[in-house]
Amino acid sequence: MEVFEKWESEIRGYSRMWPTVFTSASNARQVDEAGKSYVDFFAGAGVLNFGHNNERMKRAIIAFLEADGIAHSLDMATTVKRDFLSAFAEKILGPRGMTMRMQFMGPTGSNAVEAALKLARRVTGRQDVVAFTHGFHGMTLGSLALTANDYFRNAAGVPLEHVVRLPFETAPGGGVRALDDYRALLADGSSGLKPPAAFVVETVQAEGGVHVANGEWLRAVQQLARDVDALFVIDEIQVGCGRTGSYFSFDGMDLDPDIVCLAKGIGGFGTPLAMNLVKPEHDARWSPGEHTGTFRGQGLSFVAGREALTYFDDDEFLAQVRAKGETMAGALRTIAQDSGHGFDVRGKGMIQGLDLGDGALAKAVTTACFEAGLLVCPCGTGGRVLKLIPPLTIGDDDLAEGLEILAFAVRATT
Ligand code: PMP
């Protein structure tokens, strides 16, 4: 604790939620300086889909470093970049019949969203962008404008502009009326609304409180985007790369986005990498070097990301993700039922949320979890939802232990 008191006054940027100093980690466990081991249901905010210090990636990274591989290459061509791109095209795009171009955007998810916004404006010559209630798309000015969270938005000091916010829909058959109203307003010259450059949506809102979009509604959003000649952008940054039980969260949903934003899990090891998939006709709108940046060629990210793709060589890994997701959802439903409070449980695959209805309660449960050896993070409005996003590679024993700790913490706190 001493170190936290010192840091409180001297340093910004440490977690007040987990007041300890961590030293090492392996798969779904993190160990602190005191030697206490924690089950990790946070996974670096959804980055460590393949666990801490994933053995396959670690071996590949060590071999790469020993061979004096190029760790930083910006936009230069390197063998590791080529290997990653060919593997992504072969294993992910090819089997889905996707002809999208791969653009490296920088290290962070916000970079990817920012680039998608620029490109959509360039393609359409329009300024407004449609985003949805409870959405989270990043912290830079453009991506923050899309983020539906006043606490984060207020950090920018003044209101952010050019975003039309429509309601996100989870209920079957719902939400289409709001889309129809917006369509009618666009057609009505007296509304003052200009047609948008893009619609940007998550299929499962993660930071916003674990809300799973209704598929029919998502297809209606896509249709509206097509009808008004706007781009349909899916932000896969937190729920892509296997999290929901398929590689893309929108697999099998009859969606055909113009741009897909990827980051977090795509670098696999915690090594930063952000990539946009872009339909060729839009990709062609940028001349070489027009949108660029320094940290877009991380060799370690390509090596790790290439290894991550080997998990998707067949469906076995994703079948395990779906099964573990069921285990998580089942345990959460039992916790909710036993509590007698009717807490809401929602999620898809290995992103599951327990809505405790109250931020103070969620904070108390988070603290009780931490003390009992589980790292879990609140999200959503007022921080009232516990978001469970363990590494997809978590072993059954660690998963069971984490869920038991959570059950204990909820019992002890409510
Ligand atoms: N989009 C989504 C869906 C996210 O969850 C996040 C990060 N939580 C971002 C964008 C922004 O990513 P980054 O923090 O890497 O900028």
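Since every read-out is calculated from the coordinates, none of them should be taken as a lab result. All values derive from a computational prediction rather than experimental measurement. Cβ: placed from backbone, ideal geometry, glycine included. Neighbour counts: every protein chain shown.
Report, in debye and to the nearest 20, how large the dipole of the chain comes out about its Cα centre when Lys and Arg carry +1 and Asp and Glu carry -1 on their Cβ.
Numbers: 39 positive and 51 negative charges, 140 e Å.
Value, rounded to 20: 680 debye.
May I ask you to derive the FRET efficiency for Leu74 and Asp251 from their Cβ-Cβ distance with R0 = 51 Å, giving the value to the nearest 0.05? Write out the running numbers ahead of the final one.
On the way: r = 32 Å, r/R0 = 0.63.
E(calc), rounded to 0.05, equals 0.95.
Aspartates and glutamates within cross-link reach of Lys324: Cα-Cα under 12 Å, excluding same-chain residues under 8 positions apart?
Reachable aspartates and glutamates: Asp396, Asp397, Asp398.
Within the chain, which complete DSSP H helices have Cα atoms spanning at least 15 Å along the helix axis and a mean Kyte-Doolittle hydropathy of 0.0 or higher?
On the way: long enough: 55-66 (16 Å, 0.10); 109-124 (23 Å, 0.09); 176-187 (17 Å, 0.31); 215-227 (18 Å, -0.68); 299-309 (16 Å, 0.78); 316-339 (35 Å, -0.14); 359-372 (20 Å, 0.94); 396-413 (25 Å, 0.39).
Long hydrophobic helices here: 55-66, 109-124, 176-187, 299-309, 359-372, 396-413.
Looking at the stretch 191-336 only, what percent of DSSP beta bridges run antiparallel? Nearest 5 please.
Antiparallel bridges make up about 45 percent of those DSSP assigns within the stretch 191-336.
Of the DSSP beta bridges with both residues in the chain, give the percent that are antiparallel, rounding to the nearest 5. Walk me through the intermediate numbers first.
Values: 32 of 47 bridges.
Approximately 70 percent, going by the DSSP bridge assignments.
Step through the residues of the stretch 89-104 one at a time and calculate ³J(HN,Hα) from phi using the Karplus curve (6.51 cos²θ - 1.76 cosθ + 1.60, θ = phi - 60°), rounding each to whole Hz and writing x for Gly and Pro.
Couplings: 5, 6, 8, 10, 6, x, x, 9, x, 8, 9, 6, 7, 9, 10, 7 Hz.
Taking the beta-carbon count within 10 Å as an exposure proxy, list Tyr151, Tyr182, Tyr311 from fewest neighbours to most.
Numbers: Tyr151 10, Tyr182 19, Tyr311 23.
With the sparsest Cβ surroundings first, the list reads Tyr151, Tyr182, Tyr311.
The stretch 86-135 to the stretch 249-266: how many Å between their Cα centroids?
9
Nearest 500 deg cm²/dmol is fine: what mean residue ellipticity at 222 nm does the chain get from its DSSP H runs of n ≥ 4 alone, each adding -39,500 (n - 2.57), divided by its residue count?
Numbers: 14 runs with 158 residues, N = 414.
After summing the helix terms and dividing by the residues of the chain, the value is -11500 deg cm²/dmol.
Treat the count of other C-beta atoms within 10 Å as a stand-in for reagent exposure and order Lys81, Lys194 from fewest to most. It would help to have the intermediate numbers written out before the result.
Working: Lys81 23, Lys194 12.
So the residues, fewest neighbours to most, are Lys194, Lys81.
Using a Cα-Cα cut-off of under 22 Å, which lysines could be cross-linked to Lys194, ignoring same-chain neighbours fewer than 8 residues away?
Lys118
So how do Asp355, Asp83 line up by other beta-carbon neighbours within 10 Å, fewest first? Before the final figure, lay out the partial values.
Working: Asp355 21, Asp83 15.
In order of increasing Cβ crowding within 10 Å: Asp83, Asp355.
Expressed as a whole number of Å, what is the distance separating the alpha-carbon centroids of the stretch 57-81 and the stretch 318-380?
Here the two parts' Cα centres lie 38 Å apart.
For the chain, divide the Cα radius of gyration by the Kirkwood radius and give the resulting Rg/Rh value with two decimals.
Details: Rg = 21.3 Å, Rh = 22.1 Å.
Rounded to two decimals, Rg/Rh equals 0.96.
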